[in-house]
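Encoded as structure tokens, the structure appears first; notes follow it.
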Number of protein chains: 2
Amino acid sequence: MINLSKKGKLLIAQGGGPTAVINQSLIGAVLEARKFPQVTKIYGALHGVTGILNEDFIDLTQETTQNLESVASTPSSGLFSTRDKPDGQYCIDMFNIMKAHDIRYFFYIGGNDSADTVRIVNEKAAEENYELRSIHIPKTIDNDLRVNDHCPGYGSAARFVTQAFMGINLDLNSLPGVYIGIVMGRHSGFLTAAASMAKKYPDDGPHLIYLPERPFTIDKFLSDVKETYEKYGKCIIAVSEGICDEGGETITAKLCECVERDSHGNVQLSGSGSLGDMLSKEIKEKLGIKRVRSDTFGYLQRSFMGCVSDTDQREAREVGEKAAQFALWQNVDGSVTIHRTGTYSVDYRLSKLGDVAKYTKSMPDNFINDTCNGVTSDFREYCLPLIGSNMPEAFRLRAPKVEKILYK
Amino acid sequence: MINLSKKGKLLIAQGGGPTAVINQSLIGAVLEARKFPQVTKIYGALHGVTGILNEDFIDLTQETTQNLESVASTPSSGLFSTRDKPDGQYCIDMFNIMKAHDIRYFFYIGGNDSADTVRIVNEKAAEENYELRSIHIPKTIDNDLRVNDHCPGYGSAARFVTQAFMGINLDLNSLPGVYIGIVMGRHSGFLTAAASMAKKYPDDGPHLIYLPERPFTIDKFLSDVKETYEKYGKCIIAVSEGICDEGGETITAKLCECVERDSHGNVQLSGSGSLGDMLSKEIKEKLGIKRVRSDTFGYLQRSFMGCVSDTDQREAREVGEKAAQFALWQNVDGSVTIHRTGTYSVDYRLSKLGDVAKYTKSMPDNFINDTCNGVTSDFREYCLPLIGSNMPEAFRLRAPKVEKILYK
């Protein structure tokens, strides 16, 4: 806390893949910042850093509170997004645009790349003695930001994955077979692991969960599936899209090579269904099981309308508000981080941008079982509050069997 | 109305693919039938007709009302299902089992195949002068049962598809490109058409909808996509899994043949992601658009937990209750059918089994646009009440642009 923060405009933007609650953070920051007289106007940059570079701003101080609240509960990025990852020069160009508009507060909602962008812009401002408060606001369905206990966006995506596997359990009870659900998460398995929250009855799936944190071999996979199928007469599997072999090469990449070798001409198979289709084919051919189905959850899991965790919603709102409070009451830079206290509450802190930026976090060892094909109760305890309250529940008939007359 | 119906047991079973509300019909029938003293017991057959053949029954009169209600709101078939389509002999064997247990009422919840099973069992009973009341209770997410205005199960699946495309609209606004969602419905396009309910803003998708009712050609498809992409800078497409060429061959089958010709040995590509992947590849290669994504909604759309239409839930319950009332008050056989009256209410009738059985219904011409790549307002008016109330809504920021300083 040095001195009262400088009078000027606030610029906010959103980067990376959308989440169900990223607009809660946006609106939390905007409404909180409006309470401070130092903030002369609040601009939103369209399409993240691209919009900053193109000077493509909208004036959020001319939005109604009603509409801001309506957008808050709308999934995906209200200010639109970008996949641009700025290098040094890009950040310098952005900084010059900000200076021209007398931007004194810069908030960027995103993952580890966004945190790194904020870090570089911040360094540039310090070099030039330009008074700028830069705050990174966390979001990612992958849940892979360091320092944070968990990330806004994860809980709602995890809830989608849970509800999906709950339904799959019911579907496979009804018509048994093998089911493979491919879940997002290139480098960390948190989202795939959330499938485990769908279990209620002892024979419920997912029976097997494969994460990018552990090497995947097709032989071990097939023997796991065989064992489960023999035990339960069904097998439900959650697979991360990012599973890798011992050497760290993704199974999807290996598969594509294989298909290229087998086909004529320039045909290249790299569509989103390929991993699930390949694993299904292996099971059908090697284990002789007929009913094998796979779904790739794809974009549904990150933007499905009407599936949101209330915990996630609340916390996404709060990290936005805290960004404004850190910048304006305390006049400091950093990344807003979430820290779990007790079961279950959270505190928010401002962490160093460098501690959150660039690198990602993987599932800790105590969340993954010893046989590398499932999660532990530690993980389930961790995940339970994040997927929120009022989870729908599955029930089964418990009526007694009728004694046979003809076939007894 | 001949005479008071005969004293005896009631047997109920569920067939075909699960829906979100099929257990409402089960529980509606069970609870209503319990009010009639002629019904001595209510048995449930496990796994549809297979369970009847195997004499695999549970005694539903020993269930608590609490648990029956809990199961009612659980998706998928509480009595489990089957894909068996009984022929004449199978039906005769089933009938003999029923006779042994003094079954005097037989209710089968399912699609057109299930209606046909009920029809054959019913004929057999009449031949033998065995007093049996057989009722078919409708369900199918495909919405393709004749006589019915619409089918229980459709509304909830249509709601899932709507909510999915609402999210996709938001996702593609944020990160533009081309998106293809593959929706279930082998012979009729009702479920795919429901994607149109996701439109709110003028540039919202789906911009293109391809149904099995109209021939699909890849050239027309590519020219449609190109035109849309040039107009909006994005293109969102709903495609039925059952799309066919001019000759009636499914595009998926054509695709599989093609891959078989290209590959060595017995490799066969028939995984669920293949149609979407193939269409994506065509767009990337022929139109040079980089960001093309496809999702195959697969099993999520029919069993996702927590996505249900209240209209659908209510009606599914009522067709079950009406089955009991027709069989027990009126002592007649048939298929319970739904008929729309006004905007919006329904009446239930008992139709002839032969009118509902075997054949399926397609989308009527006035629901499909002239360019064969979308639906009409007639369809949207038809579909609106079916997807239920309290639909989540998407909102956009409407803040004015900020005048440029550097790049003006």
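The values are calculated or read from the model by the stated rules, or taken from the named source; none is laboratory data. Note that this is a predicted model, so its numbers are computed, not measured. Cβ placement follows ideal geometry from the backbone for every residue including glycine, while neighbour counts extend to all protein chains displayed.
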Given (1) farther than 17 Å from B:LEU26 by Cβ; (2) touching a strand residue (DSSP E or B) at 6+ places or on another chain (Cβ under 7 Å); (3) among the aromatic types (Phe, Trp, Tyr), number of the condition B:PHE95 does not satisfy: (2)
Unique match (being without any contact (Cβ under 8 Å) to a residue 12 or more places away in the chain and within 14 Å of another protein chain (Cβ to nearest Cβ)) among B:GLN163, B:GLN62, B:GLN89: B:GLN62
Number of the exception - A:ALA100 against (1) in contact with a Ser or Thr (Cβ under 7 Å, 6 or more places away or on another chain); (2) farther than 20 Å from A:PRO138 by Cα: (1)
Test: residue in the range B:343-350 that is within 21 Å of the chain's Cα centre (by Cα) and within 14 Å of chain A (Cβ to nearest Cβ): no
Top-ranked residue in the range A:166-178 [being touching a residue at least 60 places away in the same chain (Cβ under 8 Å) and at the interface with chain B (Cβ under 7 Å from one of its Cβ atoms); ranked as surrounded by the fewest Cβ atoms within 10 Å (Cβ to Cβ)]: A:LEU175
Qualifying residues in the range B:182-208 (those that are touching a Leu at 6+ places or on another chain (Cβ under 9 Å) and surrounded by fewer than 24 Cβ atoms within 10 Å (Cβ to Cβ)) - the one nearest to B:ASN112 (Cα to Cα): B:SER188
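Can you tell me how many residues in the range A:46-57 are outside any loop (DSSP other than H, G, I, E, B) and touching a helix residue (DSSP H, G or I) at 6+ places or on another chain (Cβ under 9 Å)?
Selection size over the range A:46-57: 5.
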Residue ID - farthest from the other protein chains (Cβ to nearest Cβ), chosen from residues in the range B:359-408 that are assigned to a helix (DSSP H, G or I) and buried (at least 16 other Cβ atoms within 10 Å of the Cβ): B:PHE367
Answer from A:ALA20, A:ALA13, A:ALA29 - the residue that is surrounded by 24 or more Cβ atoms within 10 Å (Cβ to Cβ), assigned to a loop (DSSP other than H, G, I, E, B), within 14 Å of another protein chain (Cβ to nearest Cβ) and not charged (D, E, K, R): A:ALA20
Scan of the range B:297-314 for residues that are at positive phi and surrounded by 24 or more Cβ atoms within 10 Å (Cβ to Cβ), ordered by number: B:GLY298
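Those residues that are polar (S, T, N, Q) and closer than 20 Å to B:ARG83 by Cα, I need them from the range B:135-168; list them, please.
Passing the criteria: B:THR140, B:ASN143.
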Residues within the range B:110-147 that are in contact with a Pro (Cβ under 6 Å, 6 or more places away or on another chain) and assigned to a loop (DSSP other than H, G, I, E, B), tallied: 1
Identity of the residue in the range A:32-52, crowded, with 23+ Cβ neighbours inside 10 Å and either small (Gly, Ala, Ser) or more than 10 Å from chain B (Cβ to nearest Cβ) (or both), that ends up nearest to the chain's Cα centre (by Cα): A:GLY48
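Residue-wise test of (1) free of Cβ contacts under 8 Å to residues at least 40 places away in the same chain; (2) more than 23 Å from B:LYS85 (Cβ to Cβ).
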site: B:LEU11; (1), (2): no, no
site: B:GLY17; (1), (2): no, no
site: B:ALA20; (1), (2): no, yes
site: B:ARG34; (1), (2): yes, yes
First in the range A:100-118 and assigned by TED's automatic domain parsing to the domain that holds A:ASP87 and within 26 Å of A:HIS150 (Cβ to Cβ), second anywhere and among the polar types (S, T, N, Q) and surrounded by fewer than 24 Cβ atoms within 10 Å (Cβ to Cβ), Cβ under 7 Å, 6 or more apart: A:ASN112/A:THR360
Residues satisfying the stated conditions in the range A:315-332, i.e. buried (at least 16 other Cβ atoms within 10 Å of the Cβ) and over 15 Å from A:ILE12 (Cβ atoms): A:GLU315, A:GLU318, A:ASN331
